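Structure first, then comments.
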């Protein structure tokens, strides 16, 4: 089995296409299970955010896995195959690890260094775990990626490499509204992006914050955390009249704030709307209204706002070094782990030979006393274990190299080993026992 990642992001596709491909809710669950059901796929996790849709899978064949994922993405999203494939990127094996680690650190984000991707990947993993589509391989990979992301944000100032999308949006808002301190804000939605938005608004000096959400209890919790007030989603049209700044990110999948809704709001001052949802929460038609400014992900992408960050900054360089080191360590550990069943099988086979020969000895020399029998058994085991010690140590060390599989394969061929047979698993305790015996023998020597 091998790792595969297939996706598209703000770097390879226009926001309009990302909007069509974005999957959430029940549609995301259905896509997870349909990909997992393919004969070439054993595990799958999907990261679907406003900036990217990426499918991570463990597959038995590269081409079969790519075809399955691509076809199902097209089928579920309604995007024609030829239109979709032009914007897709594919990573395989080591490149999957490098890409995921970099992405979780914020190096691949529209705004370099943003930390929200950590929570988004965590949510993606949790969903895959709940749906039973993530097994040992993707669980370990994603958990390691999250650890690397935390390390990058803790040990470096990568957060400073680029402002958050909300921060970029507030900078644009001030160009329209002037200083936003003391203004009135309306946050539509109560998810992670909305929580980040509300917190950023509070730090910017906005004390009058209204939160609207389909589930009022969630809106109330978020509003309480920033000293604001909560309203029902149905009350958004009334709140628009008094708001100076609106940030919307609901994940509703359809327009929440329409042109007519904004037009009906009686206003005599500018209104700035920041739409961070994918698909759009705000009808692009509001741009035709007087005194109304709309900034969304597509317009931010076209303007290149926050998309690059300072690629040469010390913090970015430091994070890239962390990622490179962590990728090497992860791959080393994975390669070393793959040889373990072969080593266990070798020790189990050797232990079986020893026990068989000791049994023959007892049969041929039944008068041998217990003490002498024990000394002979210990000596034979010690000799076999010492003979195996150097080859097993070396094969584990060599296995950590890029061509490590060849050493394990050679060991299997030389000793006619099958690490998948039940004996190789059930007799793992024998391998451990002989290891203990070896150490005891070395101490006595």
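Where a number appears in this text, it was derived from the coordinates with a stated rule and is not lab data. No experiment lies behind these values; they were computed from the predicted model shown. No Cβ is skipped: glycine too gets one built from the backbone with ideal geometry, and neighbour counts run over all protein chains shown.
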Spin-label pair residue 254/residue 131, simplified geometry with 7 Å Cα→Cβ offset, distance in nm: 2.2 nm
Chain lengthening between residue 94 and residue 302 when straightened (0.36 nm per residue, less Cα-Cα): 71.7 nm
Take the chain, connect every pair of alpha-carbon atoms lying under 10 Å apart with a spring to form a Gaussian network, then pick out the residue of 25, 106, 74 with the largest mean-square fluctuation. 25
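Under 1.5 on a/c is rounded, so check that first for the stretch 204-349, then, if it is not, pick prolate when a/b is larger than b/c and oblate when it is not; a ≥ b ≥ c are the square roots of the alpha carbon gyration tensor eigenvalues.
On the way: a/c = 3.03, a/b = 2.28, b/c = 1.33.
Prolate, because a/c is 1.5 or more and a/b exceeds b/c.
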Mind pulling the angle between the C-alpha long axis of helix 136-155 and the longest principal axis of the chain? Nearest 10 degrees, somewhere in 0 to 90. 60 degrees
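Sort 99, 406 so the one with the fewest other Cβ atoms within 10 Å of its own Cβ comes first.
Working: 99 21, 406 12.
Lowest count first: 406, 99.
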Volume of the Cα convex hull of the stretch 150-241, divided per residue and given in Å³: 104 Å³
Tell me the Rg and the Dmax, in Å, that the Cα atoms of the stretch 2-161 produce. 14.7, 44
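Would you please give the FRET efficiency between residue 154 and residue 364, computed as 1/(1 + (r/R0)^6) with r the Cβ-Cβ distance and R0 = 45 Å, to the nearest 0.05? Write down the numbers at each step before the final one.
On the way: r = 66 Å, r/R0 = 1.47.
Efficiency, rounded to the nearest 0.05: 0.10.
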Per the Debye formula with a single identical scatterer at each Cα and no solvent contribution, what log10 I(q)/I(0) holds for the chain at q = 0.09, 0.13 Å⁻¹? -0.69, -1.14
Could you tell me the relative contact order of the stretch 2-161? Use alpha-carbon pairs under 8 Å, at least six residues apart, and round to a whole percent. 28 percent
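Ignoring everything except DSSP H segments at least 4 long, calculate the 222 nm mean residue ellipticity for the chain; use -39,500 (n - 2.57) per segment, divide by total residues, nearest 500.
Working: 18 runs with 254 residues, N = 445.
It lands at -18500 deg cm²/dmol.
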Rounding to the nearest 10 and keeping the result within 0 to 90°, find how far the Cα-based axis of helix 165-177 lies from the longest principal axis of the chain. 10 degrees
Measure out, as a whole number of angstrom, how far apart the alpha-carbon centroids of the stretch 188-222 and the stretch 331-399 sit. 64 Å
In degrees from 0 to 90, rounded to the nearest 10, what is the angle of the helix 428-444 Cα long axis to the longest principal axis of the chain? 60 degrees
